[in-house]
Amino acid sequence: MPMKCKMREIPFERIIAITRDILSVQDLEPALESIAHAVQEIYKFKYVTIVAADASGEDMMRRVMLGWSEDIVAERKYERIVRSEIVKILDPACEIVENGFFIPAERELEWAKSIYAGEAPREAPREAPDRWHERDVLIFVLPDNKGDMLAYISADEPLDGKIPTLETLTSMQLFVNLIGLAVAHAYAHVAEVTRRRLLEASQARLRHEATHDTLTGLPNRSLFGERLVAKLAHARMHVDGVSAVLFVDLDEFKSINDSLGHVAGDVMLGKIAERMRTAVGPTDFVARLGGDEFAVLVDERVSREDIELVVNDIAEAIARPMEIEEQTIYSTASIGIATIDPGVETIEAVLRNADTAMYFAKSNGRARHAFFSHDMHLKAARRLTLTSQLRAAVEREEFAVVYQPIVCLADERIVGFEALVRWNNPVTGEVMPSEFIPMAEDIGTIVAIGRFVFVESCRMLALWRGLSPERNLRMHLNLSAQEVLRPDLDAFVMENLARFGLRARDITLELTETAILRSGSAATQALERLQATGVAIAIDDFGTGYSSLRYLDQFPVATLKIDRSFVGSESGALGSLPIVRMMIQLAESFGLSVVAEGVETAAQANTLHELGCVHAQGYFFHRPLRPEAIRALLTEAVALSA
């Protein structure tokens, strides 16, 4: 096919302008449009199309369409084009310059994605050998370094109606190179943007991992500290209300971990974290400090009472039963509250105060909350001292056991004893169980203390039964949740019963409702093993825990001990007569015996007897006594009965 038209002269300034356009924009389309307009204007084509792959190099689409109506452009621009559809029409015989293809109308051409379907039939004669036919196709391909198609430019219908000369087609390759520059620049920008985004995402991920707890997704101690710094700085500039830091520590979480395993413990922590999120306000900030400790920054409430409402919501959310591994688990938390005074307090002081208040709440019985007060510092210092001394107290034999008699209400005859541990601290003096037992549970010495008490109590019971064999005296011993979960508990019990010549029915092991329920199925299995030995199981402080009647039938319980809070009153009368009556009737319906605790007056003893309660203990009958006092008491009773 003759190509005799004179080569168009390419203005150097135009090339510089196009290059400037390419390098000054970050998007590919504007750069390609600049190239397409130059081709259209310099070479006088009616239609110019540029197709290019996206940054991934996978899909190709029309990026520029010059000369067509707006309807066609709207319909066909950005249409996806498969490389194979283009490659199959590029017959090597039609390559007139390097990567430049002129496909005359006389060649068979079927291209589904073509927009060059002219109206003239393919067999329509060409007007002259050098005249452009409506079915002619001109394509310049931009290959990548592997030879795969990266882009192409197609020009159609020269305005002079003539087929471009070979020299003209050769010069058009310059614009193919400019397309390469535009594509490379755009790809480089996309790569840089992608790199920057990946870097930012990686930094954000690392930042999140560094400032958030992986188990619960909550902010960690570090981020909580940052938020508290910002809060204090804001509070010093704006007095908007009352803010506070809460320290939330789960009660007896170790028992749950020991009974159900760490996986279940982790699930529980995740559930509690989610409950805490929903229990606080939208501007409050919840974090996990580690282990079973959480912190909350309560933001700008009107009053201290409003802070306490948030605390109650958190406590109630944590206390709701949760199902884990087909077990119903109960939990409570001790919460310390430190209100923020930005004028005088540092971050360290606020955190220390909240922590101190939390330990104060825990030492007062758990499942409680306490606002920080400055006298707590002295108590915190005492706690720290006692905790360090407690670790060595067992080896130093600083513990002693006292025994409170349990009597028959009908004749006040002694039928048994409850063993109560005392700590004779050589530095501070006697320490009461309400103070050191929670510490012992926290630091893991409670099992050693409990076993010391068990051995000593069995030793004393064997001696006292020898003094008064006709009484069939029983010993009641308290067990913590950690002791219950020890797999060798039943073997330990049987070993010491045999050691001191006691029968299993001589021993009653007391557990609180809370200790049983928190330990879940492991407690059930442990109690069943204990029951198999023949020892009796009693529920201590009945009515003060979860008061779930289900476990009275589920667990092998023999005795209910009515808590002193239902027995005592300022007037000396029975404190909660309807509740006590209901408890006694409930025990009778389950075939359980009852022991009332904390009896301090004759009126209380008489009313309990009238209600059908058989056994009781309290200061009205006897205070906790040392072994020598018990021996004297039993000796006297034997002498009187002789």
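The values are calculated or read from the model by the stated rules, or taken from the named source; none is laboratory data. Just so we're clear, the structure is a prediction, and the values are computed from it rather than from any experiment. Neighbour counts run over all protein chains shown; Cβ positions are idealised from the backbone, glycine included. Just the protein is used for accessible areas: all its heavy atoms, side chains included, with ligands, DNA and RNA removed. Shrake-Rupley method; radii C 1.70, N 1.55, O 1.52, S 1.80 Å.
Some observations on this one:
- For region 294-322, a residue qualifies if it is open to solvent by 10 Å² or more (accessible area, probe 1.4 Å) and under 16 Å from Ala367 (Cβ atoms), and the qualifying residues are Glu308, Asn312, Asp313, Ala315, Glu316, Ala319, Arg320, Pro321.
- Number of the exception - Val64 against (1) buried (at least 23 other Cβ atoms within 10 Å of the Cβ); (2) in contact (Cβ under 8 Å) with a residue 40 or more places away in the chain: (2)
- Test set (1) without any contact (Cβ under 8 Å) to a residue 24 or more places away in the chain; (2) surrounded by fewer than 18 Cβ atoms within 10 Å (Cβ to Cβ) - Phe566 fails condition number: (2)
- Of the listed requirements (1) touching a residue at least 40 places away in the same chain (Cβ under 8 Å); (2) assigned to a loop (DSSP other than H, G, I, E, B); (3) surrounded by fewer than 14 Cβ atoms within 10 Å (Cβ to Cβ), Thr385 misses just one: (2).
- Residues being within 21 Å of the chain's Cα centre (by Cα), at pLDDT 85 or above and not in a strand (DSSP E or B) are entirely absent from region 296-304.
- Residue list for region 349-359, filter: buried (at least 17 other Cβ atoms within 10 Å of the Cβ) and among the small types (Gly, Ala, Ser): Ala354, Ala357
- Conditions (1) closer than 28 Å to Glu636 by Cα; (2) crowded, with 21+ Cβ neighbours inside 10 Å; (3) not hydrophobic (A, V, I, L, M, F, W, C); number of the one not met by Gln482: (1)
- Set Asp249, Asp213, Asp258: member being surrounded by 13 or more Cβ atoms within 10 Å (Cβ to Cβ), modelled with pLDDT under 90 and under 30 Å from Met322 (Cβ atoms): Asp258
- Yes/no for Tyr330 being open to solvent by 40 Å² or more (accessible area, probe 1.4 Å), at pLDDT below 90, under 25 Å from the mean Cα position of the chain (by Cα) and of a type outside the set (Asp, Glu): no
- Odd one out for Lys362, checked against (1) buried (at least 22 other Cβ atoms within 10 Å of the Cβ); (2) more than 24 Å from the chain's Cα centre (by Cα): (2)
- Residue in region 338-348 that is of a type in the set (Ser, Thr, Tyr), in a loop (DSSP other than H, G, I, E, B) and surrounded by fewer than 16 Cβ atoms within 10 Å (Cβ to Cβ) present: yes
- Any hit, region 390-401, residues being more than 29 Å from Leu511 (Cα to Cα), buried (at least 21 other Cβ atoms within 10 Å of the Cβ) and of a type in the set (A, V, I, L, M, F, W, C): no
- Criterion (touching a residue at least 60 places away in the same chain (Cβ under 8 Å) and surrounded by fewer than 16 Cβ atoms within 10 Å (Cβ to Cβ)) met by exactly one of Arg236, Arg196, Arg207: Arg236
- The residues of region 498-519 that are at pLDDT below 85 and either under 24 Å from Ala462 (Cα atoms) or part of a helix (DSSP H, G or I) (or both), listed by number, are Glu513, Thr514, Ala515, Ile516, Leu517, Arg518.
- Of all residues in region 143-176 being of a type outside the set (A, V, I, L, M) and under 56 Å from the mean Cα position of the chain (by Cα), the one that is most open to solvent (accessible area, probe 1.4 Å): Lys146
- Extreme residue, most open to solvent (accessible area, probe 1.4 Å), among residues of region 84-142 that are of a type in the set (Asp, Glu), modelled with pLDDT of 80 or more and more than 23 Å from Val183 (Cβ to Cβ): Glu127
- Some residue of region 267-290 being assigned to a helix (DSSP H, G or I), of a type outside the set (Phe, Trp, Tyr), open to solvent by less than 70 Å² (accessible area, probe 1.4 Å) and farther than 20 Å from Gly217 by Cα: no
- For Ala317, the conditions (1) outside any helix (DSSP H, G or I); (2) touching a Lys or Arg at 6+ places or on another chain (Cβ under 6 Å); (3) not acidic (Asp, Glu) all hold with the exception of (1).
- Note on region 414-441: residues that are more than 24 Å from Ser480 (Cα to Cα), open to solvent by 30 Å² or more (accessible area, probe 1.4 Å) and touching a strand residue (DSSP E or B) at 6+ places or on another chain (Cβ under 6 Å) amount to 0.
- Any hit, region 319-326, residues being farther than 30 Å from Gln554 by Cα and out of contact with any Ser or Thr (no Cβ under 7 Å at 6 or more places or on another chain): no
- Single residue of Val455, Val447 found to be surrounded by fewer than 21 Cβ atoms within 10 Å (Cβ to Cβ), in contact (Cβ under 8 Å) with a residue 12 or more places away in the chain and closer than 14 Å to Glu397 by Cα: Val455
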